[in-house]
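The values are calculated or read from the model by the stated rules, or taken from the named source; none is laboratory data. This structure is a prediction, so every number in the text was calculated from the model and none was measured. Don't worry about glycine lacking a Cβ; one is built from the backbone with ideal geometry, like all the others, and counts go over all protein chains shown.
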Amino acid sequence: MITIIMALVLTVSVHGQKPTLFIGAKAHLGNGEVIQNSAISINKGKFDLIADASIIRIDPNAFDTIYRIYGKHIYPSFILPNTTLGITEIDAVRASRDYKETGGLNPNIRSLIAYNTDSKLAKTVRSNGVLIAQVTPRGGLVSGQSSIMYLDGNNWEDAAIKADDGIHINWPNSYYNTGWWAEPGETKQNKEYENKIHEFEKLFTQAKAYESSLNVIDLKMESMRGLFNGTKNLYIHANSSSDMRDAIDFAENYHVKNIIIVGGEDALSIANILVEKNIPVILNRVHRLPKSQDSPVSEPFEQAKRLNDVGVLFCLSYEGDMEAMGARNLSFTAGTTIAYGQEYEKAVQSITLNTAKILGIENVVGSIEYGKNATFFISSGDALDMRTNNVEQAFINGVAIDLNNHQKELFNKYR
Amino acid sequence: MKIPRIIIYLTLCSQIFAQETFPVNGVAETFEPIYAFTNANIISSPGVKYKNSTLIVQGNKILALDSNLNIPKGAIIYDLDGDYIYPSFIDLYSDYGLPKAKKGKYHYRPQYKSNKTGAYHWNEAVHPEINAGNEFSSNHKQAESYLSNGFGAVVTHTQDGILRGSAALVALSKKSDNENLLVRECAAFYSFKKGMSTQKNPTSLMGSISLVRQTFLDAEWYKSQKDQNNLSYDAFINQQKLPQIFALNDELDYSRLYKIADEFEIDFIAKGNGKEFLRVTEIADTDFPVIIPINFPNAYEVSNPETADWISLEKLKYWELAPYNPAILAQNKIKMCITSSGIKDSADFLKNLRIAITKGLSKEDALAALTTTPASLISMENILGSLKTGMLANFIITSNDIFEKGEIYENWNLGEQNIVNKKQVFDIRGYYTFNSDEFKNKSIVIKGELSKPKAIFYQLDSAAIITNLSQNKLNLSNYDGSFRAIGKFINGKINGRYQNKNGEYYNFSMVRDSLFFKKEKQLTNNELNPATPKTWFPNKAFGFENPPKQRNVLFKNATIWTNEAEGILQNSDVIISKGKIIAIGSLLSPLDYFKEDEFETIDASNLHLTSGIIDEHSHIAISRGVNEASQAVSAEVRIGDVINPNDHNIYRQLSGGAVASQLLHGSANPVGGQSAIIKLRWGSDAEEMKIKNADQFIKFALGENVKQSNWGDLENERFPQTRMGVEQVFYDAFYRARAYENAWDDYNNLSSVERKKAIAPREDLELNALVEILNSERFITCHSYVQSEINMLMHVADSMGFKINTFTHILEGYKVANKMKEHGAGGSTFSDWWAYKFEVNEAIPYNATLLNDAGVVTAINSDDAEMGRRLNQEAAKAVKYGKTSEEDAWKMITLNPAILLHLDKKMGSIKIGKDADIVLWTDNPLSVYAKVTQTYVDGKLMFDVEFDKKLQTRDKKERIRIIKLMSKDKSGSKKIQPKQTIEKLYHCDTEYEE
């Protein structure tokens, strides 16, 4: 009700500014709410009016353009966290791989300057509703810094939503496997584990000390500053419960402000800690095989619903094999969580507002709410089901983007 | 009775000395004493026991045994006083006294040719010419460990390679090598593992199998020709008269070997790995005698619950069941030998043997498995394996029944004594009165084990003091060193002296007042006759306890996707019976088909009913290698040889509505291997998985994988390295195949008289398969990406007069769709994969639609175990991207792959008479929201969402039951740290097996 009253007031205020109106669509706001018959206007690149069209009166003269999209769906941009999209193009071609720097400790490395705004892959990904990605380096103990980018723009500078949003560290496995995968040997306590933890300790201890030192500029230390004052997130990539527990204790010990778990295969088993400490999780790809041969076949599909029920803040990612080109399936993985119990708008939230919150960009994007950047799209059908997903128009900051891509061009040539 | 035996003494006394040809340094030792072992319990062979009898031995032979013998004059008599005598054991699987095979130098570049010089086989792993007899020399240290476990003779060979060579039968005495070498060649050995060979071929199990088969064929041909010499074939041919022993990796290898045995009519003896119980009926059917290890797995460390979670139920169940393996084999009447190989700590052999007895193996069967059976398998039953006049004097003397707790005192080998454990003759245990100047009439008790007694001297300590005993000499000391004594036991008294805390010596005497008797623990009935835990099929999570049976089912009121002219039927019924669809319609009356209680009804209102998904391109359920990557053409290898019915991905695919898969060779070479088409009959064995009478297919491949583009810069040797070369590989292969076929035709057209004079062409498995292609008796599914190569292969086929059946992946098929249509090729593609390598830069998700629209039979496949269980979602992408109709999209994963695999007469649609491969869905099956509730294969319910929950509960219970058992494990064996298994899966370009 409050939203609607607000909206009525706003209708008056937009007079004279000639915004664009989208009317009739089922609007999935990204914050868990849905408006069956929506009226949404955008003005100067921002969401302005968000209302129930069956309740308010619309004055057509108040708008430059009116899109009558009855029966269609509006979603805020799906957000793809933790991805190499834009810094890789063809997996097997080394020259196109720009995500893994040499050296084990690279907190100073920045993904955004390698970001290719004309990635052919990115154009196919946004054709399915993903307009924002957290472009993330890989490898080593400390991979480097991610940045959050629009999948559009002339250069990385223009495309950035948030530069250097956080540092990604790969928590070592406390156990490792000997042999190789066809003939695995014993799992041994990882003797290197302690050494690697020690490397982290050294790095973080020095970074703490550097905070108050004024003598020299050290690129690595400088890049770590934000972890302690809350301007940068610490993304800890870890999966087993014991590793996640150790990692969280470690980060808290150094008073890291924003801790985020990436991966979280065993997140359910430490849910109490995650809830108590308010630590969110960027989950592994939903479409994966179960953890072990003993696990229920549908275990990965059910994880989202179960985490939701115990109150853990999480979002979905697509990390893994072919993660860049496959990222256009992100929304279908959210669809799968619905088949396995998740409520529809919650599933939408797990690839929109939750992601924005976890990445720290929820004040500008992530949902269709007043004042946020008008980055959204229209699908003629349910965008979470591959059977019906059909993105007809997409907007970044209120500007329509070209949904053509390399693949559509080939299709048009050969059809 | 006695007279003839004396005659035998005389004849045997004058035996030849083994070292007769050797010059003597010093004076000759010509005297050969006769030994008589009296008052013994002699088990001369399994089940034959002589109580209180005598064994007489001279030289290396047994002279006689009986309960009532005249002992020859001058014999040396050992009074065994009730000890036991058994024939010593025989181990058929040993590398005793042989040098270890060494790995050749590591090559950075692939090695395609053999590094071995000389006129030998082309493959380094094929070396039948290696002859253990030539390499053998006794190794006393190694012999000791065999002797201590009761062995007297072993069959030894170098355990390396595929055709390994011949083995020697050797004794374990300290006599000369000439005497220990009993038989120079007594068996030929084989395995599927290439071992130390650094040559590339074979890279897979299926490659090993083909190599074995081709070598057998080549040897036949070699016999008929005179143009060349090959020492490997000479040796191999010479070995054919020997027992043929094949070392296998696991329980699934038995049926693989059986096919070879059947093809070449060879009676193999199989050396297994202890997991035979998992497939025991299948193994019994092979009729192979088996040699099994008893290296039962140690318990896992389960104290940390999180790491214990890493141990699969499969491993837990294996731990529990492995000790039952020998008993289960015996119950199934499988002829069995037991080997000590595989046991890391030699002390575990007898321990594990006794465990096997407690798990139900009879002592007779155990003894036979160690003596008479191995002896007869190598035709040595007249010399070894039992105790009879004239046989070798190989026997052990034990304190008691060896299968219970009997300790081995002596192991006589070739008539030579070896002391294993000194017999404790004196029983000093009892209740004594101790006297010295310091202590008057104090009590001391000596109790415990006969040879390891413990003394308690209450005056000093209420606990036992340190007690060392050697025969009748005793040494006692307390823990602070204040009392240290030595004494000697004679006739119930111990006299000696000790030093006290002040360093003063005192004499003492102890008089035994009464004897000590140890109470034996009685085994409960449960411990004596343990119930064998059940084996599931497969023996892991989600395995079936009982195989599902065909059902009569009425599916009522479903939305039926028929894939036929009827399209999608609303509110309709289907009836299945005996594995087939027998009726389709609305308001069907089951009583027209069945009696009242002979069917079940499933209310399918709100459910969608479809035929099962068929995956044209899959690499699940394959053992040890999906690529034979060592040659550009490997048409001889067969996935059908290496199906792994235990792969849990079979169950996972069923949960996603899949019922059948084509298991393909990878794409590492232009002509890959022969595929296998299976139904996902979870719980069945490998052969039962295969679809009977299905047409035969073979995998071809083009592009980056076959030219090794992404294998690293060192892999640039194997031809071809470009697409240009790929074309030439095909022309070359098919021209060779045609010439080969002509040669056979010429030969077969000869009159029978002429044929006798002529030499038959060499049968070549690779060319056989290629000829089948030329004659359209085998069909190609070809991994392909770009238009140039697709077009090229169609030209090759057209010029040779056959068709390419299917292009698989075919991501640029849309560019040549009309040519494919014209050629008659089908396409089996990915829905939306692209950009993972350079050649798929122009792959588009509209491909399936464009192919379909051009009239090409189009399927969507997985090539991936994860995607294989949600192929319905992939089919839906043809609707999304290309706007293919829903019915057509659905056919892309059902009817169309059935057509491509030539199975559409039986599968792929809901039609009367077709197989009852049926899936029920909660929603439109193309929707991301659709879940499978049931999957039927041949009318058997293989997956059911409710039953799946029951299995989960059952598995959880079973897991905790075994973990509790494991926690109680007191075997003292080192616990195994749990493994965190990261599952990796085969894809097209997975190169190596090992």
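Observations on the model:
- Residue in segment B:631-642 that is modelled with pLDDT under 95 and out of contact with any helix residue (DSSP H, G or I) (no Cβ under 9 Å at 6 or more places or on another chain) present: no
- Residues located in segment A:293-320, provided they are out of contact with any strand residue (DSSP E or B) (no Cβ under 6 Å at 6 or more places or on another chain), at negative phi, assigned to a loop (DSSP other than H, G, I, E, B) and not aliphatic (A, V, I, L, M): A:Gln293, A:Asp294, A:Ser295, A:Pro296, A:Ser298, A:Tyr318
- Failed item in (1) farther than 23 Å from B:Ile408 by Cα; (2) crowded, with 23+ Cβ neighbours inside 10 Å, with B:Ser88 passing the rest: (1)
- Residue count for segment B:921-934, restricted to those that are more than 8 Å from chain A (Cβ to nearest Cβ), buried (at least 20 other Cβ atoms within 10 Å of the Cβ) and either farther than 14 Å from B:Ile613 by Cβ or of a type in the set (A, V, I, L, M, F, W, C) (or both): 2
- Filtering A:Asn363, A:Asn390, A:Asn373, A:Asn404 for residues that are without any contact (Cβ under 8 Å) to a residue 60 or more places away in the chain and more than 30 Å from B:Thr922 (Cβ to Cβ) leaves a single hit, A:Asn363.
- Selection status of B:Val937, under 15 Å from B:Val659 (Cβ atoms), away from chain A (no Cβ under 13 Å) and either surrounded by fewer than 23 Cβ atoms within 10 Å (Cβ to Cβ) or not basic (Lys, Arg) (or both): yes
- For segment B:382-431, the candidate set comprises residues that are of a type outside the set (A, V, I, L, M, F, W, C) and on the phi > 0 side of the Ramachandran plot; within that set, the residue that is modelled with the lowest pLDDT is B:Gly430.
- Cβ-Cβ under 6 Å pairs, at least 6 apart or on other chains, segment B:291-315 side surrounded by 22 or more Cβ atoms within 10 Å (Cβ to Cβ) and among the aromatic types (Phe, Trp, Tyr), far side at pLDDT 95 or above and part of a helix (DSSP H, G or I): B:Phe296/B:Ala322; B:Phe296/B:Pro323; B:Phe296/B:Asn352
- Count of residues meeting criterion [in contact with a Ser or Thr (Cβ under 9 Å, 6 or more places away or on another chain), within 18 Å of B:Phe246 (Cβ to Cβ) and among the polar types (S, T, N, Q)] in segment B:150-196: 3
- In the set B:Val753, B:Val786, only one residue is of a type in the set (A, V, I, L, M) and touching a residue at least 24 places away in the same chain (Cβ under 8 Å); that residue is B:Val786.
- Index of the failed condition, B:Ile918 passing every other in (1) touching a Phe, Trp or Tyr at 6+ places or on another chain (Cβ under 6 Å); (2) surrounded by 23 or more Cβ atoms within 10 Å (Cβ to Cβ); (3) within 14 Å of chain A (Cβ to nearest Cβ): (3)
- Among residues that are of a type in the set (S, T, N, Q), crowded, with 22+ Cβ neighbours inside 10 Å, more than 24 Å from A:Asp152 (Cα to Cα) and at pLDDT 95 or above, A:Thr337 is included.
Conditions tested, residue by residue: (1) among the acidic types (Asp, Glu); (2) outside the structural domain of A:Lys120 (by TED's automatic domain parsing); (3) over 17 Å from the mean Cα position of the chain (by Cα).
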position	(1), (2), (3)
A:Phe301	no, no, yes
A:Leu316	no, no, no
A:Asp321	yes, no, yes
A:Tyr340	no, no, yes
A:Lys346	no, no, no
A:Ser350	no, no, no
A:Lys357	no, no, no
A:Glu362	yes, no, no
A:Gly371	no, yes, yes
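- Being surrounded by fewer than 19 Cβ atoms within 10 Å (Cβ to Cβ) and either within 14 Å of chain B (Cβ to nearest Cβ) or without any contact (Cβ under 8 Å) to a residue 40 or more places away in the chain (or both) holds for only one residue in A:Gly129, A:Gly86, A:Gly103, A:Gly139, and it is A:Gly103.
- Test set (1) over 38 Å from the mean Cα position of the chain (by Cα); (2) more than 14 Å from chain A (Cβ to nearest Cβ) - B:Leu811 fails condition number: (2)
- Restricting the search to strands (runs of 3 or more DSSP E) fully inside segment B:205-294 and requiring at least 3 residues that are under 18 Å from B:Leu163 (Cα atoms) gives B:244-247, B:268-271.
- Scanning segment A:262-292 for residues that are over 15 Å from the mean Cα position of the chain (by Cα) and either among the aliphatic types (A, V, I, L, M) or assigned to a strand (DSSP E or B) (or both) gives A:Ala267, A:Leu268, A:Ile270, A:Ala271, A:Ile273, A:Leu274, A:Val275, A:Ile279, A:Leu289.
- Flag if B:Val879 is closer than 21 Å to A:Ser380 by Cα and not in a helix (DSSP H, G or I): no
- Residues of segment A:383-408 satisfying the condition of being facing chain B (nearest Cβ under 9 Å) and either charged (D, E, K, R) or more than 18 Å from A:His73 (Cα to Cα) (or both): A:Asp385, A:Arg387, A:His406, A:Gln407, A:Lys408
- Residue check: A:Asp91 meets all listed conditions (1) in contact (Cβ under 8 Å) with a residue 40 or more places away in the chain; (2) surrounded by fewer than 21 Cβ atoms within 10 Å (Cβ to Cβ); (3) over 20 Å from A:Val365 (Cα atoms); (4) away from chain B (no Cβ under 13 Å) but one, namely (4).
- Residues in segment A:219-261 that are assigned to a helix (DSSP H, G or I), crowded, with 20+ Cβ neighbours inside 10 Å and within 14 Å of chain B (Cβ to nearest Cβ): A:Asp243, A:Met244.
- Total residues in segment A:329-347, condition more than 10 Å from chain B (Cβ to nearest Cβ) and in contact (Cβ under 8 Å) with a residue 40 or more places away in the chain: 4
- For segment B:815-835, a residue qualifies if it is assigned to a loop (DSSP other than H, G, I, E, B) and within 11 Å of another protein chain (Cβ to nearest Cβ), and the qualifying residues are B:Val816, B:Phe830, B:Ser831, B:Asp832, B:Trp833, B:Trp834, B:Ala835.
- Residues that are in contact (Cβ under 8 Å) with a residue 40 or more places away in the chain and under 28 Å from the mean Cα position of the chain (by Cα) were ranked within segment B:218-237; the one that is farthest from B:Thr158 (Cα to Cα) is B:Asp218.
Rundown of residues vs (1) within 14 Å of chain A (Cβ to nearest Cβ); (2) of a type in the set (A, V, I, L, M), yes/no style:
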position: B:Glu600; (1), (2): no, no
position: B:Ile614; (1), (2): no, yes
position: B:Ser623; (1), (2): yes, no
position: B:Ala635; (1), (2): no, yes
position: B:Asn646; (1), (2): yes, no
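- Residues of segment B:676-717 that turn out to be assigned to a loop (DSSP other than H, G, I, E, B) and closer than 30 Å to B:Thr535 by Cα, as a count: 8
- Test: residue in segment B:787-802 that is under 25 Å from B:Ala889 (Cβ atoms), surrounded by fewer than 24 Cβ atoms within 10 Å (Cβ to Cβ) and within 14 Å of another protein chain (Cβ to nearest Cβ): yes
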